[in-house]
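Undergrad: What follows is a structure written as structure tokens; I'll ask about it next.
Derivation of every value follows stated rules applied to the coordinates shown; laboratory data play no part. None of the values given here were measured: they were computed from a predicted structure. Cβ sites come from the backbone with ideal geometry, for glycine too, and all protein chains shown count toward neighbours.
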Amino acid sequence: MSRVFVTGSADGLGLAAAELLLQQGHQVVGHARSEERADDVRAALPGIEDVLAGDLSSAAQTRAVAERANASGRFDAVIHNAGVGYRERRRIATPEGHAHVLAINVLAPYLLTALMERPARLVYLSSGMHRGGDDSLADLDWERRTWAGAQAYSDSKLFDTALAFAVARHWPDVLSNAVEPGWVPTRMGGAGAPDDLSLAHVTQVWLSVSDDPAATVSGEYFYHQRPRAVNSSARSEEFQDGLLAELARLTGVKLPMG
């Protein structure tokens, strides 16, 4: 039995992943944006150990989530599922002034990775749209560029993929991988999304708990439990380390090395 923390588990793929983990007999701690949403998760998943509340668009609340997670005990795996999509029509600023998409999709998983006690496994949710991501690190917060929601989302998922690979390289004792769940009909994906929703959460659960040799690897990118090609920039050690340096500058927190 494993103990797994799943961010963004109030609905969509996060809720489905938490439910599957519970069905398999694992201990699960969920996460929701607010206490009200956390109560909804508890009602939907009576067997859940706990649900931590915190708005991941806020660095202060993200730090508080990390502190509460650490106080609850070490996790065997963390699934960084929380995210927002590509439909934001303007740049929305967080309390710290960061672009909303960047803060939730990238800064939050980075902060949680850096601040939480190191688990045995890490899973980061990416997207096929990461292949169109821009590997420039010059303006991650879209302060100088004209806002483009789809591009900001694609960039964020490229950064998530590179973060997963960077963690795999710098933390050889941790299995760190990225997952493409497919374009599925969740609230984020929209009702017309063509991929199979019943498969979308299976791979992150598999990577977080399975003893299958195919799942006990690190620094890989998966789609439906199979490795898949990635944007080549995500594999660049120079890009990975440049991204880590920029995320450390934006958050004031360095990823522990070694």
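Undergrad: Would you work out the relative contact order for the stretch 3-251, in percent, from Cα pairs under 8 angstrom that are 6 or more residues apart?
TA: That works out to 18 percent.
Undergrad: Residues of the stretch 201-225 with the amide nitrogen closer than 12 Å to a label point 7 Å from the Cα of A120, along Cα-to-Cβ, please.
TA: Backbone N within reach: 208-212, 216.
Undergrad: R87 versus H170, label points 7 Å from Cα toward the beta carbon: distance in nm?
TA: Output for this residue pair reads 3.5 nm.
Undergrad: From the P(r) of the chain, can you give the percent of Cα pairs sitting at distances over 33 Å? Could the numbers behind the result be given before it?
TA: On the way: 3225 of 33153 pairs.
That tail contains 10 percent of the Cα-Cα pairs.
Undergrad: Scattering from the C-alpha atoms of the stretch 116-174 alone, worked out with Debye: what is log10 I(q)/I(0) at q = 0.17, 0.22, 0.23 1/Å?
TA: So the normalised log intensities are -0.63, -0.86, -0.90.
Undergrad: Arrange the following residues from fewest to most other Cβ atoms within 10 Å of their Cβ: Y223, Y153. Mind showing how you got there, number by number?
TA: On the way: Y223 18, Y153 25.
In increasing order of surrounding Cβ atoms, one gets Y223, Y153.
Undergrad: Divide by every residue of the chain the summed helix terms, -39500 (n - 2.57) for each DSSP H run of at least 4, and state the resulting mean residue ellipticity at 222 nm, rounded to the nearest 500 deg cm²/dmol.
TA: So the calculated ellipticity at 222 nm is -11000 deg cm²/dmol.
Undergrad: Roughly how far apart, in whole Å, are the Cα centres of the stretch 97-165 and the stretch 1-63?
TA: Going from one Cα centre to the other spans 21 Å.
Undergrad: For a footprinting-style exposure proxy, rank I92, I104 by other Cβ within 10 Å, fewest first.
TA: Neighbour counts put them in this order, fewest first: I92, I104.
Undergrad: Between R87, R33, R63, find the one with the highest GNM mean-square fluctuation for the chain; connect C-alpha pairs within less than 10 Å.
TA: The residue that fluctuates most here is R87.
Undergrad: Within 10 Å of each residue's Cβ, count the other Cβ atoms and sort F75, F239 from fewest upward.
TA: Result, fewest neighbours first: F239, F75.
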